[in-house]
Amino acid sequence: MSNLGFQSLFHRTASFHGIRPSRFFMEKNETLFSPDLDRSAGDGRYTLADFDVILFTVSFELDYIQIVRMLSASNLSPLRIERAEKSPLVIAGGITVTANPLVLAPVADVICRGDMEVSIDSLFSALIEHSFRKGPSLFETLASLQGVFIPAVSDSPPPAAQIEKIEEPAHTVIISRQTEFSNMFLIEIGRGCRNSCTFCMVRTSPLRSVSVKAVLKTVASASGAEGAPGTPGTHSNFSRVGLIAPVLTDHRDLASIVRGLNRMGMRVSFSSLRADDFTPETAALLQENGQTTVTFAPETGSSDLRKRIGKRLTDEALFDAVSLAQEYGVRRFRYYVMYGLPDEHEEDFDAIVNLVEKTLIILRPSGSGLHVSINPFIPKKKTPLEGFSIYPIDYYRKWKAFLKERLGAKERLSLRMEPLRHVQLQYYLSVGDEKIGGLLCRSVNENRMQAFVKSAERMVSDR
């Protein structure tokens with residue numbers, strides 16, 4: 001629920017005249033729940049099949065499984081060609097669909113690639129004009145929009161739509177105590193990245209920063225403090241603001257944004273920061289806002305391997321950033337690390353251990369703690385590493401056991417390593433095509449995901 005893409009889509013849909021959206025979530029027992037429908041009035045019996053359009057925004061490849069389950073739970077075939085003409089139109093978008101629109105091509109009637117602001121108003125207008133009815137006329141209109149892919153009439157997805165200037169940043173619309181970022185107002189301050197890491201999907205998106213004025217105006221309006229700088233809004237139900245961007249320090253006016261929010265009475269929370277761009281000014285901003293946890297992403301333990309994947313961070317720069325952050329009161333550090341990278345060798349795993357051990361030595365005088373999240377690398381479409389085939393599953397088991405043995409019992413270190421049961425599944429969903437998407441629909445409905453992996457492996461090897 002804290003996902004800004006999801007909240008922004010809901011907000012833009014609800015704000016469009018003539019459209020009334022409802023949110024649906026898949027419960028653990030695989031039933032659908034909507035917080036927008038009143039069960040006491042009988043609305044609880046509604047399913048996705050009762051609406052004119054179904055919109056999915058997708059952030060992770062494993063979400064595809066939930067899409068298939070949600071459609072099936074609504075008595076709708078997940079396969080587009082098997083759904084009745086009068087069934088709801090299924091539209092999908094989001095970062096994973098932007099990177100690879102083909103896997104969902106057998107499922108979605110319409111796929112939107114890139115920034116939703118470019119075409120979403122025109123898309124809604126077309127839906128209303130055509131009374132939400134599927135057909136050649138509607139599809140012809142939608143296909144003319146930037147970034148819109150109609151699988152039924154085209155085999156070639158168009159380029160992703162990109163907005164040049166972000167006038168209205170994505171932000172929290174519904175604040176809840178029961179979400180990942182409890183009672184925090186999230187707002188994006190930029191998209192894209194100035195770096196070219198070969199593993200990252202964001203590399204294809206140019207850097208675009210939101211103006212200081214737009215950020216402050218949005219927060220002031222949401223908090224009820226608009227027009228009254230320096231005073232928290234009387235209708236405000238939040239006092240913390242989380243800044244969101246691929247790399248916060250890519251924004252040249254980050255300090256101005258933070259100080260402007262502080263003048264409103266807000267405390268600011270920072271997402272992941274670049275260690276090689278961590279300055280005393282940034283450290284001071286953290287301290288002024290009471291943030292005692294910092295996240296860095298060294299990605300690997302080896303500087304040489306980092307260079308090979310386009311990450312220009314050195315061990316020295318990372319250690320300098322950790323030392324500087326400690327001076328400004330940071331007492332908890334988080335590292336993100338990957339393994340299973342191309343051209344990876346045994347010494348690269350020793351380097352992960354050495355990196356962690358050296359960090360712990362730096363942290364020892366202050367008693368600070370370190371949390372390390374180590375996860376398998378999954379190739380992504382539209383990146384230079386999309387053609388890399390993952391290693392056999394025993395490779396990941398071997399090195400996961402090695403890292404757990406070497407790091408698992410260290411003092412002031414918490415280690416998190418994702419289970420390996422979804423590595424192969426996520427890989428095929430990440431780099432797959434229409435055949436993989438069709439296979440997924442059949443496999444989920446038959447509850448045969450292990451068989452899916454084996455069949456997907458044969459499909460990929462036969463290409």
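The values are calculated or read from the model by the stated rules, or taken from the named source; none is laboratory data. Note that the coordinates shown come from a computational prediction; the quantities given were computed from them, not determined experimentally. Every residue, glycine among them, receives a Cβ derived from its backbone with ideal geometry; neighbour counts consider all protein chains shown.
Annotation: of all residues in the range 68-87 being basic (Lys, Arg) and assigned to a helix (DSSP H, G or I), the one that is farthest from residue 109 (Cα to Cα) is 69.
Scan the range 305-338 for residues that are closer than 19 Å to residue 352 by Cβ, of a type outside the set (Phe, Trp, Tyr) and in contact (Cβ under 8 Å) with a residue 24 or more places away in the chain and report the count. Steps first, answer last, please.
Taking the range 305-338 first, the residues closer than 19 Å to residue 352 by Cβ are 305-319, 321-322, 333-338.
Remaining after also requiring of a type outside the set (Phe, Trp, Tyr): 305-318, 321-322, 334, 337-338.
From what is left, the residues that are in contact (Cβ under 8 Å) with a residue 24 or more places away in the chain are 305, 308-315, 317-318, 321-322, 334, 337-338.
Qualifying residue count for the region: 16.
For the range 259-267, the criterion of being surrounded by fewer than 20 Cβ atoms within 10 Å (Cβ to Cβ), over 24 Å from the mean Cα position of the chain (by Cα) and among the polar types (S, T, N, Q) is satisfied by at least one residue. Of the conditions (1) in a helix (DSSP H, G or I); (2) in contact (Cβ under 8 Å) with a residue 60 or more places away in the chain, residue 427 fails just one. Which one is it? The number of the failed condition is (2). In the range 157-185, the qualifying residues are those that are among the charged types (D, E, K, R) and farther than 30 Å from residue 142 by Cβ, and the one that is modelled with the highest pLDDT is 177.
Identify all residues within the range 89-109 that are surrounded by fewer than 21 Cβ atoms within 10 Å (Cβ to Cβ) and farther than 22 Å from residue 4 by Cα; write none if there are none. 102, the sole residue that qualifies.
A quick yes/no check of all residues on (1) surrounded by 15 or more Cβ atoms within 10 Å (Cβ to Cβ); (2) at pLDDT below 95; (3) within 26 Å of residue 99 (Cβ to Cβ); (4) in contact with a strand residue (DSSP E or B) (Cβ under 6 Å, 6 or more places away or on another chain):
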{"residue": "332", "(1), (2), (3), (4)": "yes, no, no, yes"}
{"residue": "343", "(1), (2), (3), (4)": "no, yes, yes, no"}
{"residue": "366", "(1), (2), (3), (4)": "no, yes, no, no"}
{"residue": "373", "(1), (2), (3), (4)": "yes, no, yes, yes"}
{"residue": "378", "(1), (2), (3), (4)": "yes, no, yes, no"}
{"residue": "386", "(1), (2), (3), (4)": "yes, yes, yes, no"}
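One residue alone among 287, 291 is closer than 21 Å to residue 252 by Cα, crowded, with 17+ Cβ neighbours inside 10 Å, touching a Phe, Trp or Tyr at 6+ places or on another chain (Cβ under 7 Å) and among the polar types (S, T, N, Q), and that residue is 291. The residue that is farthest from the chain's Cα centre (by Cα), counting only those in the range 315-346 that are assigned to a loop (DSSP other than H, G, I, E, B) and small (Gly, Ala, Ser), is 329. Of all residues in the range 300-314, those that are assigned to a helix (DSSP H, G or I) and either polar (S, T, N, Q) or crowded, with 19+ Cβ neighbours inside 10 Å (or both) total 3. Considering 15, 22, the condition of being modelled with pLDDT of 90 or more, among the hydroxyl-bearing types (Ser, Thr, Tyr), within 25 Å of the chain's Cα centre (by Cα) and surrounded by fewer than 13 Cβ atoms within 10 Å (Cβ to Cβ) is satisfied by 15 alone. Here residue 49 clears all of (1) surrounded by fewer than 18 Cβ atoms within 10 Å (Cβ to Cβ); (2) touching a Ser or Thr at 6+ places or on another chain (Cβ under 7 Å); (3) in contact (Cβ under 8 Å) with a residue 24 or more places away in the chain; (4) not in a helix (DSSP H, G or I) except the condition numbered (4).
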